[in-house]
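Have a look at the structure below, then the notes.
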Amino acid sequence: MADLAEKPITTGMEPFITAAEALEQAEAGSVMPWLTAQRNAGLAQFAEAGFPGPKNEDWKYTSTKRLASFPVKLAGSPSEAGDVTEEDLAPYRLRDEAAAELVFVDGHYRADLSFRGKKACCTKITNLAEGIRATNQITLESYLGRHADEEIYPLAGLNTALFQDGAVINVGRSCVIHAPIHILHISTGDFLISPRVLVVAEPHSSAPIVETFASKGDGHCAFYNSVTEAVVQEGANLKHVHLNLQNQQSYHVGLFHSEIERDARTAHHSFAFGGALTRRDTWINLNEEGTECLLNGLYMPGHKQHIDHQTVVNHRKPHCESHEFFHGILNHKGRGVFNGKIFVQEGAIKTDAKQSNRAMLISPDAKVDTKPQLEIWNDDVKCTHGATIGAIDEVAAFYLRSRGIPEFKAREMLVRAFAEEIVLNVNNDSVREHIDDLLSKHLASWEE
Amino acid sequence: MFNEEVRDKDKMAILEISGLCAEIEGKEILKGVDLTVNPGEIHAIMGPNGSGKSTLASVLAGREEYEVTSGSITYQGKDLLEMEPDERAGEGVFLAFQYPVEIPGVNNTYFLRAAYNAQRKYREEEEVEAPEFLKLVKEKMKLLDLREDLLTRSVNEGFSGGEKKRNEIFQMAVLDPKLAVLDETDSGLDIDALKIVAEGVNKLKSPDKAVVVITHYQRLLNYIVPDYVHVLVDGKIVRSAGKELALELEEHGYDTVTEGAPA
């Protein structure tokens, strides 16, 4: 990671640092010292590294210039945040009535808009602002910020310095919940918002979690810099879905980091339809034998949108499996980036790692850069990867047309089918149907 | 439809190909094909490999890679070459593909209903709801001895060769075309599948419809009995006769049969 320090973008960092210092002063004395220490460490990492520059291999295709020049403004307290109506939230709410839904407006929790669903008593859901003031902070102190690597992800360090709210989800031992827990973020103005989520899935528990990032209408540019850390303990099963539905002016940078312990599994899905500039990082540590992960993603940039996914699957022990499927569909002037790293550490024999990344360019002025990257430190492994970039299959389109389906409809069916291959990997019915609706809306917006 | 109209159409050929020349990538494949198909008739087009059989099927379906350089195709009095592939289907033309295409992610039933309704819409008929359509589909499935799980799978994906061909005939049975063109549907089929496919075609036979069977082998014609057999060699129909011609071809091969034929 030596080249990380090479030519970082340091101009424009000052306002970010000033904002973090102001936050620290404001909360001085009201939070535990460990949190202050973490914030300081995060800020130090960011201050040293800055915004990654183009010489950083992992940021080669995504310029941070727009991020670095963002006019930094925080909604310092809930009263400074904007307001939303039920109508603004309706398109993003989950249809499962049993779902617990936590709504955050410009980063601040809104109890009046949230529901706790059919609350399973074996699961504790708190908003983070409440959590850091509470006296029983054992979970928080031992887990929060202990996992995301701020040296590799200096923007995660910035999140640690700046987060004001978010969610803490503790799924208790053997607690199995089927209705999703939904964390719904919506922005109303040009704010820098740094939400933080911590998930601890205790042994043999199972839970689906959905995080949505949305905007109240067009015409504002919010900058979300989010971090989600998930600890998935022995035999637990965590399903995490990330939905980016922000408006076409907004920015999104985010890290999902998961630690998977013995015989546990994590599924992480990313659906990126919105935003002007999106950069998603995923880091999965398969820490013990018998672990498994699924990374599943669909990115659909059009209209000058830029969407970048970077994933790392780190096989540390023998007998672990990882499956990764990413599809990109790129329309008019859309730009996509995918980089999938698989590390198989020394001793991680009998690793089974699969990665498939396919992109469909449906407009001649769309562009995608895609790269599989495998680093394998032993022989006894099964690793496969494949990357393809293509257009709509004209032979298939002709077949559909020859049966009477008009050309535009035939093309739409093929595009949708390509997207659907990814959507079908989401196994929660209500969440999958919700994503299907969002997909239809996104495709319809392309016809306009 | 009004009876009078039907009678008027009966007098008209379903398909009239005249002086058809077509090329692909600058290479001339069809060199003046003439063929008239009347309602109620089954025509077989036979010929050696590379004679232009599949090109003829592709031109009829409207494949864009093939360029028609001269000649005409009139379908029920209309210029077929002016129509888009989907319009041709709407008008009642069906091509059973030699190599049916696999389409991952598109559900077979969804696809077929979309096609069925697109054709109805083209003809300004009302679209059919899912339950009603499913009834129709199940009825036709029995006819072709297809397993029901094929309905929920993606179009042709993971189908065996025989299943793909039967799926073509199944689509034909559901879409109920006026003119069906079967492009080597028999190749790669075992005898049982062949019989099932033939039965599907024979059920379609009616006084106002027509079938063109393109084949390399005589054996399909044991089960689908043609009214006319044409021999296509080097882009031209060199001989036309009744069904006995197929047997002659089987016995003596294309060389003998075409000897002395008008050049």
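Applying both filters, DSSP loop and at most 14 other Cβ atoms within 10 Å, to the chymotrypsin sites (Phe, Trp or Tyr not before Pro) of region A:271-377 gives A:Trp377.
Is region B:150-208 best put as rounded, prolate or oblate by its Cα gyration tensor, with a ≥ b ≥ c the root eigenvalues, rounded for a/c under 1.5, and otherwise prolate when a/b is larger than b/c, oblate when not? Oblate, because a/c is 1.5 or more while a/b does not exceed b/c.
Can you pull the Rg over Rh of the protein assembly as shown, Cα-only, Kirkwood? Here Rg/Rh amounts to 1.09.
Consider all pairwise Cα distances in region A:66-125 and report the whole-number % of them above 15 Å. I get 61 percent for the Cα pairs in region A:66-125 exceeding 15 Å.
Working note: Karplus 6.51/-1.76/1.60 with θ = phi - 60° gives region A:219-226 the couplings x, 9, 10, 9, 10, 8, 10, 10 Hz, where Gly and Pro are set to x.
With a simple spin-label model that places each label point 7 Å from the Cα along the Cα-to-Cβ direction, the separation between A:Phe115 and A:Arg95 comes to 1.5 nm.
Among the cysteines of chain A, A:Cys121, A:Cys221, A:Cys293, A:Cys320, A:Cys383 have no other cysteine beta carbon within less than 4.7 Å of their own. The gain in end-to-end length when the B:Asp227 to B:Leu136 segment is fully stretched comes to 29.8 nm, 0.36 nm per residue minus the alpha carbon separation. Using Cα-Cα distances under 8 Å and only pairs 6 or more residues apart, what relative contact order does region A:322-434 have, in percent? Relative contact order for region A:322-434 comes out at 27 percent. For B:Ile45, the residues 5 or more places off, or on other chains, whose built amide H falls under 5 Å of its own are B:Val213, B:Ile214, B:Thr215, B:His230.
Taking chain B as the reference, fit the longest principal axis to its C-alpha atoms, fit the long axis of helix B:130-144 to the helix C-alpha atoms, and give the angle between the two in degrees, 0 to 90, nearest 10. The angle comes out near 50 degrees. Across region A:78-232, Cα pairs under 8 Å and at least six residues apart give a relative contact order of 27 percent.
Taking every C-alpha pair closer than 8 Å and separated by at least 6 residues, the mean separation divided by the residue count of region B:38-85 gives a relative contact order of 27 percent. As a calculated quantity, the FRET efficiency between A:Ser79 and A:Lys55 at R0 = 41 Å, using C-beta atoms, amounts to about 0.45.
Enter the angle in degrees (range 0 to 90, nearest 10) between the Cα long axis of helix B:244-258 and the first principal axis of the Cα atoms of chain B, meaning the one along which they spread out most. Taking Cα atoms only, the helix is inclined about 50 degrees. Here the residues B:Met46, A:Met32, B:Met83, ranked from fewest to most Cβ neighbours within 10 Å of their Cβ, fall in the order A:Met32, B:Met83, B:Met46. Using the Kirkwood formula on the Cα atoms of region A:396-448, what hydrodynamic radius do you get, in angstrom to one decimal? Every distinct Cα pair counted, the radius reaches 12.1 Å. Charged neighbours of A:Lys333, selected by a Cβ distance under 14 Å, balance to +2 (K, R count +1; D, E count -1).
A simple count of charges around B:His216, restricted to other residues whose Cβ falls under 13 Å of its Cβ and scoring Lys, Arg +1 and Asp, Glu -1, yields -2. All Cα-Cα separations within region A:21-174 were binned at 5 Å from zero, giving a P(r) of 2, 7, 14, 17, 17, 16, 14, 9, 3, 0, each value a whole percent of the pairs.
Give, as ranges by residue number, the residues of region A:417-448 whose backbone N falls under 12 Å from the point 7 Å along Cα→Cβ of A:Ser363. Flagged as within label range: A:445-448. Counting 0.36 nm for each residue step from A:Glu21 to A:Ser69 and taking away their Cα separation leaves a gain of 15.4 nm. Annotation: the residues B:Glu199, A:Glu150, sorted from fewest to most other C-beta atoms within 10 Å of their own C-beta, follow the order B:Glu199, A:Glu150. Solvent-free Debye calculation, one equal scatterer per alpha-carbon of region A:272-415: log10 I(q)/I(0) at 0.13, 0.14, 0.19 Å⁻¹ equals -0.64, -0.71, -1.00. Among the GluC sites (Glu not before Pro) in region A:372-446, none is located in a DSSP loop while being surrounded by at most 13 other Cβ atoms within 10 Å of its own Cβ. Spacing of the modelled spin labels on A:Arg133 and B:Thr109, each 7 Å from Cα toward Cβ, amounts to 5.4 nm.
Here the Karplus relation 6.51 cos²θ - 1.76 cosθ + 1.60, evaluated at θ = phi - 60°, turns the backbone of region A:312-325 into coupling constants of 10, 10, 10, 7, 9, 10, x, 6, 10, 10, 9, 10, 9, 10 Hz, with x for every Gly and Pro.
Taking the Cα atoms only, what angle lies between the long axis of helix B:161-175 and the longest principal axis of chain B, rounded to 10 degrees? So the inclination is approximately 70 degrees.
Taking other C-beta atoms within 10 angstrom as a stand-in for reagent exposure, A:Met360, B:Met172, A:Met13, B:Met12 fall in the order B:Met12, A:Met13, A:Met360, B:Met172, fewest first. Based on the Kirkwood radius over alpha-carbon pairs, what is the Stokes-Einstein translational diffusion coefficient of region B:98-198 at 37 °C with 0.692 mPa s viscosity, in µm²/s? In µm²/s, the coefficient rounds to 233.
Each reported figure results from applying straightforward, stated rules to the coordinates on display, with no laboratory input. Model, not experiment: these values are computed from the prediction. Because the Cβ atoms are built from the backbone with ideal geometry, glycine has one as well, and the counts that use them run over all protein chains shown.
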